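The next block holds one structure in the form of structure tokens; read it before the comments.
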Amino acid sequence: MTSVFRPAIDRMAGYAPGEQPQEGGWVKLNTNENPYPPSPRVVDAIRRAAEGRLNVYPDPSATGFRKVAAKLFNVDPDWILPANGSDENLTIITRSFCDAGQSIAYPYPSYVLYESLAQIQGSQVLRLRLNSQWQWDAAEAAELRKKIRIFFVPNPNSPTGTLWSAEQLAQLLPEQGVLILDEAYGDFCQKPHRGELLRNDLFDGRMIVTRTFSKSYSLAGIRFGFAVAHPDLISGMLKVKDSYNCDTVAIAAATAALEDQDWMLQNRARILATRERLAAALPAFGFLVHPSEANFLWTTHATGQHKEIYEQLKARKILVRFMRFPDALPDGGTLDGLRITIGTDAEIDRVLEVMGDVTNGL
Ligand SMILES: *Cc1c(COP(=O)(O)O)cnc(C)c1O
């Protein structure tokens, strides 16, 4: 039978998310979730929302949430666009700013979902290659920014946790288009910004920050994220979003989570301490650990046997992310390695307990 799909959909492979085993018993360190539970105030808010008026539609503009988020970023509420997870905002952005045939760019290796979103839109993808220090070439960036409508950049980056400076990021602002600062891990970096970047003249009012509740706020199971940008950009994006893109329960949960900053900051502090402990322990097993400002570590092993290590850990019910990035090396070769999410201290102890066995067998 001939395909009934748009050619763009036939051509693409589709994004492959990390494994999500539905049974218990796993040490799950593969998708950068927070190992700690959300604030008890979030659970209360969800209960109250569930006991409230679920028979009516939610507030289409999540007015209460926008007020709270605006305060945190020192902007007015019309700078905030809530969404059903940060990924939905990335979809809204792609549909808002990049036509079929036009181009997006992103640093590579990083979050390859951007590539899938562009493919669905029928847009072209240009990669800005990162070198072995996870930095880009400024001259290459200067050429790229002439050709694109959207530049997506995760800051800190995944899979390494590299944080780029405002001056570096300014090299990526498209000549005609928007720069997306994907701050999924923004709360974990040394000094999270509170909207200063958006007001920085370097970005000409054409930067959009995206935030998620899936990582620092321990709410990956509740789909919620938000974008922060100048109201001229937000008002156009509002035309593209679904009318009721965020549900009543999720809006209540996210608002309560944002209001309990102390809870998030306590968990953040624990995660950063555990990250330093893991980073210090891995070299003894032959791993090279890249410096990280996020809730995960990127590591490569002297033997290069990353798939084997991943499988050996999996056999012991420990899931880490084995990642391969074709064409990432200067000679066109594939870069691979392991990204390990920072779990609880007990989970990281378990990893270290088995790592001797796992690496001795290589
Ligand atoms: C986890 C992640 C997201 C997705 O966030 P959701 O709110 O769960 O959709 C977006 N960007 C990056 C870089 C991420 O790692």
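The values are calculated or read from the model by the stated rules, or taken from the named source; none is laboratory data. Everything numeric here is computed off the predicted structure, so don't read it as measured data. Ideal geometry is used to build each Cβ from the backbone, glycine not excepted, and the neighbour counts take in all protein chains shown. When the accessible area is computed, the model is the full protein with side chains, heavy atoms only, and any ligands, DNA or RNA have been set aside. Shrake-Rupley method; radii C 1.70, N 1.55, O 1.52, S 1.80 Å.
Scoring residue 153 on the criteria (1) surrounded by 24 or more Cβ atoms within 10 Å (Cβ to Cβ); (2) within 16 Å of the ligand (Cβ to nearest atom) leaves a single failure, condition (1). Contact map, the range 217-241: first residue more than 25 Å from residue 199 (Cβ to Cβ) and modelled with pLDDT of 95 or more, second residue surrounded by fewer than 24 Cβ atoms within 10 Å (Cβ to Cβ) and charged (D, E, K, R), Cβ cut-off under 6 Å, separation 6 or more or different chains; pairs are 220/33.
Scanning the range 328-362 for residues that are without any contact (Cβ under 8 Å) to a residue 40 or more places away in the chain and in contact with a strand residue (DSSP E or B) (Cβ under 8 Å, 6 or more places away or on another chain), we see that the one that is surrounded by the fewest Cβ atoms within 10 Å (Cβ to Cβ) is 334. Looking at this structure, is residue 143 more than 29 Å from residue 257 (Cβ to Cβ), open to solvent by 60 Å² or more (accessible area, probe 1.4 Å) and either out of contact with any strand residue (DSSP E or B) (no Cβ under 7 Å at 6 or more places or on another chain) or within 16 Å of the ligand (Cβ to nearest atom) (or both)? Taking the combined requirement at face value, the residue satisfies it. For residue 201, the stated conditions do not hold, so it cannot be described as among the acidic types (Asp, Glu) and within 16 Å of the ligand (Cβ to nearest atom).
What number of residues within the range 187-198 satisfy the criterion of being more than 16 Å from the ligand (Cβ to nearest atom) and either open to solvent by less than 10 Å² (accessible area, probe 1.4 Å) or basic (Lys, Arg) (or both)? Let's see the steps before the verdict.
Filtering the range 187-198 for residues more than 16 Å from the ligand (Cβ to nearest atom) gives 190-191, 193-198.
Then keep just the ones that are either open to solvent by less than 10 Å² (accessible area, probe 1.4 Å) or basic (Lys, Arg) (or both); that gives 191, 194-195.
Going through the range 187-198 one residue at a time, the tally reaches 3.
One residue is enough: does the range 34-44 have a residue meeting the conditions open to solvent by 60 Å² or more (accessible area, probe 1.4 Å), modelled with pLDDT under 95 and not in a loop (DSSP other than H, G, I, E, B)? No, every residue in the range 34-44 fails to be open to solvent by 60 Å² or more (accessible area, probe 1.4 Å), modelled with pLDDT under 95 and not in a loop (DSSP other than H, G, I, E, B). Name the single residue that is nearest to the ligand (Cβ to nearest atom) among those in the range 113-133 being closer than 27 Å to residue 65 by Cβ and open to solvent by 10 Å² or more (accessible area, probe 1.4 Å). The selected residue is 113.
How many residues does the range 10-27 contain that are open to solvent by less than 50 Å² (accessible area, probe 1.4 Å) and either over 17 Å from the mean Cα position of the chain (by Cα) or assigned by TED's automatic domain parsing to the domain that holds residue 254 (or both)? Working first, answer last.
Taking the range 10-27 and keeping what is open to solvent by less than 50 Å² (accessible area, probe 1.4 Å), we get 12, 14, 18, 21, 27.
Narrowing the set further to residues that are either over 17 Å from the mean Cα position of the chain (by Cα) or assigned by TED's automatic domain parsing to the domain that holds residue 254 (or both) leaves 12, 14, 21, 27.
So the count comes out to 4.
Note on the range 76-112: residues that are more than 13 Å from the ligand (Cβ to nearest atom), surrounded by 20 or more Cβ atoms within 10 Å (Cβ to Cβ) and part of a loop (DSSP other than H, G, I, E, B) amount to 1. Per the listing 331, 357, the residue uniquely farther than 21 Å from residue 295 by Cβ and either among the hydroxyl-bearing types (Ser, Thr, Tyr) or in a loop (DSSP other than H, G, I, E, B) (or both) is 331.
When the residues of the range 53-75 are filtered to those that are farther than 28 Å from residue 177 by Cβ and in a loop (DSSP other than H, G, I, E, B), which remaining residue is least open to solvent (accessible area, probe 1.4 Å)? Out of the qualifying residues, it is 58.
Among the residues of the range 253-267, at least one is of a type in the set (A, V, I, L, M, F, W, C) and under 17 Å from residue 88 (Cβ atoms).
All conditions in (1) assigned to a helix (DSSP H, G or I); (2) under 23 Å from residue 332 (Cβ atoms); (3) of a type in the set (S, T, N, Q) hold for residue 133, with the sole exception of (1). Residues of the range 173-180 include at least one that is buried (at least 19 other Cβ atoms within 10 Å of the Cβ) and within 11 Å of the ligand (Cβ to nearest atom).
Please report, ordered by residue number, the strands (runs of 3 or more DSSP E) entirely within the range 213-325 with at least 1 residues that are within 16 Å of the ligand (Cβ to nearest atom), open to solvent by 30 Å² or more (accessible area, probe 1.4 Å) and within 20 Å of residue 344 (Cβ to Cβ). Explain how you work it out, then say what you get.
Values: elements: 225-228, 287-289, 296-301, 318-325.
Output list reads 318-325.
If I ask for residues that are part of a loop (DSSP other than H, G, I, E, B) and in contact with a Gly (Cβ under 9 Å, 6 or more places away or on another chain), which ones from the range 164-203 would you list? Break it down into steps so the answer makes sense when it comes.
Narrowing the range 164-203 to residues part of a loop (DSSP other than H, G, I, E, B): 164-165, 171-177, 183-185, 189-195, 200.
Listed by number, the residues that qualify are 184, 185, 189, 192, 193.
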